[in-house]
1. Where the second residue is of a type outside the set (A, V, I, L, M, F, W, C) and surrounded by 11 or more Cβ atoms within 10 Å (Cβ to Cβ) and the first is part of a loop (DSSP other than H, G, I, E, B) and lies in segment 26-41, which pairs have Cβ atoms under 6 Å and are six or more apart or on separate chains?
2. I'd like the full set of residues that are open to solvent by 40 Å² or more (accessible area, probe 1.4 Å), of a type in the set (A, V, I, L, M, F, W, C) and touching a Lys or Arg at 6+ places or on another chain (Cβ under 8 Å), limited to segment 193-223.
3. If we keep just the residues of segment 345-385 that are among the aromatic types (F, W, Y) and within 17 Å of the chain's Cα centre (by Cα), which is farthest from the ligand (Cβ to nearest atom)?
4. Filter segment 269-293 down to the residues that are of a type in the set (K, R) and in a loop (DSSP other than H, G, I, E, B), then identify the one that is least open to solvent (accessible area, probe 1.4 Å).
5. Out of all the residues in segment 361-408, which are closer than 19 Å to V224 by Cα and open to solvent by less than 50 Å² (accessible area, probe 1.4 Å)?
6. Under 8 Å between Cβ atoms, which residue pairs at least 6 apart in sequence (or on different chains) link something in segment 383-396 that is assigned to a helix (DSSP H, G or I) with a partner that is of a type in the set (S, T, Y) and open to solvent by 80 Å² or more (accessible area, probe 1.4 Å)?
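The values are calculated or read from the model by the stated rules, or taken from the named source; none is laboratory data. Note that the structure is predicted; figures quoted are calculated from it, not measured. Because the Cβ atoms are built from the backbone with ideal geometry, glycine has one as well, and the counts that use them run over all protein chains shown. Quick note on the areas: whole protein, heavy atoms, side chains included, nothing else; ligands and nucleic acids left out. Shrake-Rupley method; radii C 1.70, N 1.55, O 1.52, S 1.80 Å.
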Amino acid sequence: MAMSEDYHLMWKNLGLDLEAHDALLGVLGPAYQDIYLAQKNRPEGMGYFDFVMSEVHGLRIKELLDEKAAGRKIIGSYCVFVPEEIVLAAGATLVGLCAGADFATDEVEKLLPRNTCALIKSTFGFKLGKVCPYLESADMVVGENTCDGKKKAYETFKGLVDNLYVMDLPQMKSEQGRVLLQSEYYRFKSAVEELTGVAITTDSLKEAIKTVNAKRAAIHRLSVLRQADPAPISGLDALLANQVFFYDNPARFTASVEKICDELEARVAEGNGAFPKKTPRILVSGCPQAVPNWKLPLIVETSGAVIVGEESCVGERGARNLTDDSGKTVEEMMEAIVERYYQVDCAIFTPNQDRLAHIEEMATKYKADGVIHYGLQFCQPYLMESIPVEKALEQQNIPTLRIETDYSMEDMGQLKTRIEAFIEQLR
Ligand code: BJ8
């Protein structure tokens, strides 16, 4: 990925390890070329996302640093439970910090057990290796008590970053759980207001809700277009849009997604797909796939199938449901925010019936021929849920394949064999 400018000075000032960072970009660039640019019949609108990715550590970081220079604060997060509405309303910017690549593994394993999921290890690796300009730009980093892995890892992470804020989250969808979520959102609101020195008002909160709703509505429009056969966009490209959702300027992201949707609508009308009609259709369900984790869609879409949906936080679980913006007071709108986020059906909740219902609903809507449950190794919440999910789906004659993997490329061959066999069975 050739960047338009030399950003080395900017990265140096952020405290990045330039050599390690160059090495990371040196791997990422060719990988993007081989995985993304090598695809056939891509929508033209993907040019925007290719540009964003080529500048993901360049121009976007420069924009964030310009915002900081103008007095705006940057807040980083690892979970879709951190409400962007509150951040925007206080005049700050939210960026996703989840990482999808192994880095500095030897260093990481001095601080975390080896049997920790790749997502958490990657978070530590990007910090210890000093290769994440987003993390280094953040004025506040928000952790959350979700799975035990993250919850305990943040205790150690606190020693690595000087601005970690930990949000507590409920484990049950009960009245008490909802009260906890509400009080945590108020506590977060105060912390953000204190960080920015900006008090959230009715107007600023309303506008923030509208901005975030627009972004979610746009990505939802893109999802719905994938219901067509042939699917107008590959799963790789759709995943990329869902990943960029967490980094980009919200208004620009919304406009770019709407533009690509116009193009996809025309494609659907013409019957023009990323793959031929009747290509086996896969719904992916499970753990989030953070940039640059493109392993699963790469294997699936080079094995004769197309991915038509992601039941994932980088996907529909994270983006479904808008926030009611009709409230007349800050309190009413805070209530609407609690209501919206309370519906996120992460596997950390017990019981978590809604998720199964959503997987079934998505499989039907997106006309999936089969479901692949994507579990990261050592991720107890999703791996535990994958077994009842598989059973329930198979009872409904929806073929399901459970995979358990990490960020390494070592199991590529083995996964490809299993996935090819699964796809064969769907034909
Ligand atoms: S709301 S899915 S973004 S917590 S993969 S770190 S669960 S051991 S990421 Fe998530 Fe929020 Fe839930 Fe969504 Fe733990 Fe599993 Fe690792 Fe995970």
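1. Q39/S234
2. Correct list: L195 only.
3. Y374
4. Residues of segment 269-293 that are of a type in the set (K, R), as a first pass: 277-278, 281.
Remaining after also requiring in a loop (DSSP other than H, G, I, E, B): 277-278.
Values: K277: 123, K278: 161 Å².
Among those that are of a type in the set (K, R) and in a loop (DSSP other than H, G, I, E, B), it is K277.
5. Once the filter is applied, which keeps residues that are closer than 19 Å to V224 by Cα and open to solvent by less than 50 Å² (accessible area, probe 1.4 Å), segment 361-408 yields M362, A363, Y366, A368, G370, V371.
6. Matching pairs, first to second residue: none at all.
Yes/no matrix, rows are residues, columns are (1) of a type in the set (F, W, Y); (2) out of contact with any strand residue (DSSP E or B) (no Cβ under 7 Å at 6 or more places or on another chain); (3) within 16 Å of the ligand (Cβ to nearest atom):
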position: P276; (1), (2), (3): no, yes, no
position: T279; (1), (2), (3): no, no, no
position: W294; (1), (2), (3): yes, yes, no
position: G304; (1), (2), (3): no, yes, no
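Residues are listed down the side, and each one gets a yes or a no for (1) in contact (Cβ under 8 Å) with a residue 24 or more places away in the chain; (2) part of a helix (DSSP H, G or I):
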residue	(1), (2)
R178	yes, yes
E194	no, yes
A208	yes, yes
V212	yes, yes
R216	yes, yes
S223	yes, yes
P232	yes, no
N242	yes, yes
F246	yes, no
